[in-house]
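Student: One structure, pasted below without further comment.
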Amino acid sequence: MREDFNVPVDKNGDIIDDTKIRAAIPTIEHILAQKGQLILMSHFGRPKGGPEEKYSLKKVAKHLNSLIEAEVIMAPDCIGPEVERMVENMKPGQVLLLENVRFHPGEEENDPEFTRKLASVGDIFVNDAFGSAHRAHSSTAGLADYLPAYAGFLLEKEVSMLRKVIENPERPRLAILGGAKIKDKLGLIEHLLNKMDSILIGGGMANTFLLAQGKSIGKSIYEEKQIPEAQRLLQRAREMKVQLLLPVDVVVAGEIANYARASIVEVDQIPDDQMIVDIGPKTIQAFGGAIAKAKTVVWNGPLGVFEIDQFAEGTKQVALALAQSQAISVVGGGESVAAVRKVGVEKHIT
């Protein structure tokens, strides 16, 4: 069964929010109740084509072990003779967590040989990894070509909820997009332009859009190859009369650290030796106003370097604004969910 155990961790690698792990438990317990032999797999982080201890799933296995009655056994790899031996020795009602599938380049390449090796130890494939279901990787899309494939309870629930929000939502419709992975979300933005009335963009992905507008972003992260696509999407939004809001002011710092000296500047005045770490107060106010007017809101991705408290204000304020609104709201992504939980407003999110 494919899970999304890509949980947020602190600098010591300790899990700081276990929402994704807990969300997987209903499907896990259902399979175990049927005396299934359950093999779990997931990615974690972005290892560079091979094993890296900081991206091991060992701590996830330990944490999951504390949440369910069944023993969770950790495999040393996700494929290979040792994994095959461990699977052969499994008893009904046992859980085996495979090591990070991204320790093999074949995972992200959706390599048929790697997929075949993954499939060889299972009889049925269940995908319960909603947060990774859009990726055409071996452990998400590839396995469905080799084994009978089913959706887990979490995937089914999330798709059902999104269908209500996307297919016939109340207007005005608003999407809030953050995080740093613009390449992963370009297709999503294209799709949302056909569905939403407004799109708010913050976080690292906003930097590429600011560059596309001709602004200087200092030493902030960005994706140079995606600048032409960002320019095209900005033009497309204008043509479709979709309001695409970018930050008008930002918090900048010389480094990403708890002790870093930060300041607030307009987006036209970012110093060359500074980087964007959060949205500024004017942007928070503008985003909050847009949220207050919306009837349907979808949010994915933090709006700053959320793991550092002094750079988390924008994300926190958006979470509060969303909780105070009357809109139907859907929040996705580990850090966005962590923000909602940290502010203590998860009960106010649809």
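Student: Kirkwood hydrodynamic radius for the stretch 36-132: how many Å is it when counted over pairs of different Cα atoms?
Tutor: About 13.9 Å for the stretch 36-132.
Student: Using R₀ = 51 Å, calculate the FRET efficiency as 1/(1 + (r/R₀)^6) where r is the Cβ-Cβ separation of residue 71 and residue 235; round to 0.05.
Tutor: Numbers: r = 56 Å, r/R0 = 1.09.
It comes to 0.35.
Student: Rounded to two decimals, what is the ratio between the C-alpha radius of gyration of the stretch 291-350 and 2.2 N^0.38 Å?
Tutor: Taking N as the residue count of the stretch 291-350, the ratio is 1.01.
Student: How tilted is helix 334-343 with respect to the longest principal axis of the chain? Cα atoms for both, answer in degrees (0 to 90, nearest 10).
Tutor: It works out to around 70 degrees.
Student: Going by the alpha-carbon gyration tensor, a ≥ b ≥ c the square roots of its eigenvalues, is the stretch 166-348 rounded (a/c under 1.5) or, if a/c is not under 1.5, prolate (a/b greater than b/c) versus oblate?
Tutor: Verdict is oblate for the stretch 166-348.
Student: Next up: Contour minus end-to-end for residue 144 and residue 160, with contour as 0.36 nm per residue of separation and end-to-end as the Cα-Cα distance?
Tutor: The residue 144-residue 160 span can extend by a further 3.7 nm.
Student: Have a look at 80, 100, 66 and report the one farthest towards the positive end of the charge dipole of the stretch 19-153, computed about the Cα centre with Cβ charges (Lys/Arg +1, Asp/Glu -1).
Tutor: 66
Student: With the chain treated as a Gaussian network of Cα nodes joined by springs under 10 Å, which of 60, 159, 95 yields the largest mean-square fluctuation?
Tutor: Of 60, 159, 95, the Gaussian network model singles out 159 as fluctuating most.
Student: Going by how many other Cβ atoms sit within 10 Å of their own, how do 283, 350, 296 line up, fewest first?
Tutor: Working: 283 26, 350 13, 296 23.
Placing the least packed residue first, the sequence is 350, 296, 283.
Student: Hey, with R₀ at 30 Å, roughly what FRET efficiency would residue 135 and residue 273 work out to, going by the Cβ-Cβ distance, to 0.05?
Tutor: The pair residue 135/residue 273 has a calculated efficiency of 0.25.
Student: Same structure again: Provide the packing ranking of 12-19, 35-42, 100-107, 288-295, i.e. peptides ordered by the mean count of other C-beta atoms within 10 Å per residue, highest first.
Tutor: Ranked by mean Cβ neighbours within 10 Å, highest first: 100-107, 35-42, 288-295, 12-19.
Student: Amide H of residue 9: which non-local residues (sequence gap of 5 or more, or other chain) have their own amide H closer than 5 Å, using H built in the peptide plane?
Tutor: Here 16 satisfy the definition.
Student: A further question on this structure: How far, in nm, would the chain grow between residue 124 and residue 188 when pulled straight, counting 0.36 nm per residue and subtracting the alpha carbon separation?
Tutor: Result: 20.1 nm gained on full extension.
Student: Something else now. So what is the 222 nm mean residue ellipticity for the chain from helices alone, if each DSSP H run of at least 4 adds -39500 (n - 2.57) and you divide by all residues, rounding to the nearest 500 deg cm²/dmol?
Tutor: -11500 deg cm²/dmol, from helical runs alone.
Student: Here is a further query. How big is the stretch 176-254 on each of its three principal axes, counting only the C-alpha atoms and giving the largest first in Å?
Tutor: 38, 24, 21
Student: Provide 316, 241 in ascending order of the number of other Cβ atoms located within 10 Å of each residue's Cβ, fewest first.
Tutor: 241, 316
Student: So if the hydrodynamic radius of the chain is defined as the Kirkwood radius over C-alpha pairs, what does Stokes-Einstein give as its diffusion coefficient at 10 °C and 1.306 mPa s, in µm² per second?
Tutor: Result for D is 74 µm²/s.
Student: Explain nothing, just the number: dipole magnitude of the stretch 19-153 about its Cα centre with +1 on each Lys and Arg Cβ and -1 on each Asp and Glu Cβ, in debye rounded to the nearest 20.
Tutor: 460
Values quoted throughout were computed directly from the atomic coordinates according to the rules given, and no laboratory measurement underlies them. Here the structure is a predicted model, which is why all the values come from computation and not from measurement. Note that we place each Cβ from the backbone using ideal geometry, even for glycine, and neighbour counts take in every protein chain shown.
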